[in-house]
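For reference, the structure discussed in these notes is given below.
Only the coordinates and a few stated rules stand behind these numbers; no lab work does. Being a predicted model, the structure only gives us computed values, none of them experimental. So basically every Cβ, Gly included, is an ideal-geometry build from the backbone, and we count neighbours across all protein chains shown.
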Amino acid sequence: MRNPELLKTIKELKTAAKRTGKPIWAALAEELEGSKRNRAAVNLSTIERNTREGEIVAVPGKVLASGSLTHPVTVAAFDFSGLARQKILSSKGEVKSLTQLLTEGVDASKVKILK
């Protein structure tokens, strides 16, 4: 694994898991540590089906633009396709990195992991 941004994200998630005692951060770090081939790729249609307005979703991988999003949600992921980012923002949702969730102090119990 040579991506410095990925290594930094994993380290920050593991540190947050130890500091807060919340297993969700460790679970996200573990998913990101796997091979790129096995990393999650989640379409907007999956996010649409599995969320309601105002929810927070974490994707330990990449968010892809297939499908549409009709309600605003906050989506945090390691990476986004350009069109997925546009569609999320046009539905009045928010796009964040996984580390932004940590720095903003989001309550871990309100975060739903999709993979």
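Given the options Lys112, Lys8, name the one that is surrounded by fewer than 12 Cβ atoms within 10 Å (Cβ to Cβ) and either assigned to a loop (DSSP other than H, G, I, E, B) or touching a residue at least 24 places away in the same chain (Cβ under 8 Å) (or both). Even if it seems obvious, please write down each step before you answer.
Values: Lys112 fails: surrounded by fewer than 12 Cβ atoms within 10 Å (Cβ to Cβ).
It is Lys8.
Identify all residues within region 19-29 that are touching a residue at least 12 places away in the same chain (Cβ under 8 Å) and surrounded by fewer than 18 Cβ atoms within 10 Å (Cβ to Cβ); write none if there are none. Show your work before the answer.
Our first condition is that a residue be touching a residue at least 12 places away in the same chain (Cβ under 8 Å); within region 19-29, this holds for 20, 22, 24-29.
Those that are touching a residue at least 12 places away in the same chain (Cβ under 8 Å) and surrounded by fewer than 18 Cβ atoms within 10 Å (Cβ to Cβ): Thr20, Lys22, Ala26, Ala27.
Under 7 Å by Cβ, and 6 or more places apart or on different chains, what pairs join a residue from region 48-68 that is assigned to a loop (DSSP other than H, G, I, E, B) with one that is surrounded by fewer than 20 Cβ atoms within 10 Å (Cβ to Cβ) and among the acidic types (Asp, Glu)?
As it stands, the answer is Gly67/Glu48; Ser68/Glu48, since those pairs meet every condition given.
Please state which one of Thr15, Thr46, Thr70 is within 11 Å of Leu114 (Cα to Cα) and hydroxyl-bearing (Ser, Thr, Tyr).
Answer to the selection: Thr46.
Of all the residues that make up region 31-53, how many are out of contact with any strand residue (DSSP E or B) (no Cβ under 8 Å at 6 or more places or on another chain) and surrounded by 15 or more Cβ atoms within 10 Å (Cβ to Cβ)?
3
Residues are listed down the side, and each one gets a yes or a no for (1) over 22 Å from Glu31 (Cα atoms); (2) out of contact with any Lys or Arg (no Cβ under 7 Å at 6 or more places or on another chain); (3) not β-branched (Val, Ile, Thr):
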position: Val57; (1), (2), (3): no, no, no
position: Ala65; (1), (2), (3): no, no, yes
position: Leu69; (1), (2), (3): yes, no, yes
position: Thr74; (1), (2), (3): no, no, no
position: Asp79; (1), (2), (3): no, no, yes
position: Gly82; (1), (2), (3): yes, yes, yes
position: Arg85; (1), (2), (3): no, yes, yes
position: Ser91; (1), (2), (3): yes, yes, yes
position: Lys96; (1), (2), (3): no, yes, yes
